[in-house]
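I have placed the structure first, in the form of structure tokens, so that the comments after it can refer back to it.
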Amino acid sequence: MTRRVDVGRKIKRRKGSERKTNRNKSKFTRRRKKILYGAIALGLSRQTACALAGISVEAFNQYMDYGKDKTLKKYKHFRKKIIALEAQREYDALEVITKCSKGGYKIKKSKIKQGIKGMEIERTVSTLAPQWHAAAWFLERKKKDEWGRDAIQQNKTPEEYAQEINQAAMALWNSVPTESEESN
């Protein structure tokens, strides 16, 4: 504790009573790591996770770089856990997209209603039919060159698409046997 001595208008500090500052105190604390782990597990970006934890993105990247060094075990563990959480979140999201595109994704709903015996909870489970939107979304992002919006729009003009459709229709029409060919 600092003692102050009044000498007229000026306040002087006694010798040896300088306050020690914690200027070099690390922000790499359990609390901040727990916030970062939770935010990354939810799927937030690294930037948003850092803002929630109260650290800069540069500090986060520095911690991740320290994790590459095998001698700094606490940073190594931190790096491994962050990478694992990001991979798990990506896997979970892709699993939902795949289930939706194939169909069979189950939705659980609960509804509270007034019944004869008082309040009753009605629980239902429904299964989604295949959703082409999920498959299209996946292809647009995974194979941008082939399925992305820009790739589809830049390749051909509407006239070229119309000509291609007409050719396909004519090919289909010509492949259907006529009555005389069917009787032979």
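Things worth noting here:
The rows are residues; the columns are (1) of a type in the set (A, V, I, L, M, F, W, C); (2) surrounded by fewer than 10 Cβ atoms within 10 Å (Cβ to Cβ); (3) under 30 Å from His133 (Cβ atoms).
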{"site": "Lys70", "(1), (2), (3)": "no, yes, no"}
{"site": "Lys73", "(1), (2), (3)": "no, no, no"}
{"site": "Ile82", "(1), (2), (3)": "yes, no, no"}
{"site": "Glu90", "(1), (2), (3)": "no, no, yes"}
{"site": "Gly104", "(1), (2), (3)": "no, no, yes"}
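- Leading residue by the ranking (nearest to the chain's Cα centre (by Cα)) among those in the range 150-184 that are modelled with pLDDT of 75 or more and exposed (fewer than 10 other Cβ atoms within 10 Å of the Cβ): Glu159
- Among (1) touching a residue at least 24 places away in the same chain (Cβ under 8 Å); (2) surrounded by fewer than 17 Cβ atoms within 10 Å (Cβ to Cβ); (3) basic (Lys, Arg), the one test that Lys33 misses: (2)
- Some residue of the range 115-124 being within 30 Å of Arg46 (Cβ to Cβ) and without any contact (Cβ under 8 Å) to a residue 12 or more places away in the chain: no
- Exclusive hit being in the same structural domain as Tyr105 (by TED's automatic domain parsing) and over 30 Å from Tyr105 (Cβ atoms), set Tyr91, Tyr75: Tyr75
- Failed criterion for Arg89 (all others in (1) under 30 Å from Ala59 (Cβ atoms); (2) modelled with pLDDT under 85 hold): (2)
- Matching helices (runs of 4 or more DSSP H) fully within the range 30-111 where at least 1 residues are aromatic (Phe, Trp, Tyr): 30-42, 57-66, 73-102
The values are calculated or read from the model by the stated rules, or taken from the named source; none is laboratory data. Just so it is clear, the structure is predicted and the values come from calculations on it, not from any experiment. So basically every Cβ, Gly included, is an ideal-geometry build from the backbone, and we count neighbours across all protein chains shown.
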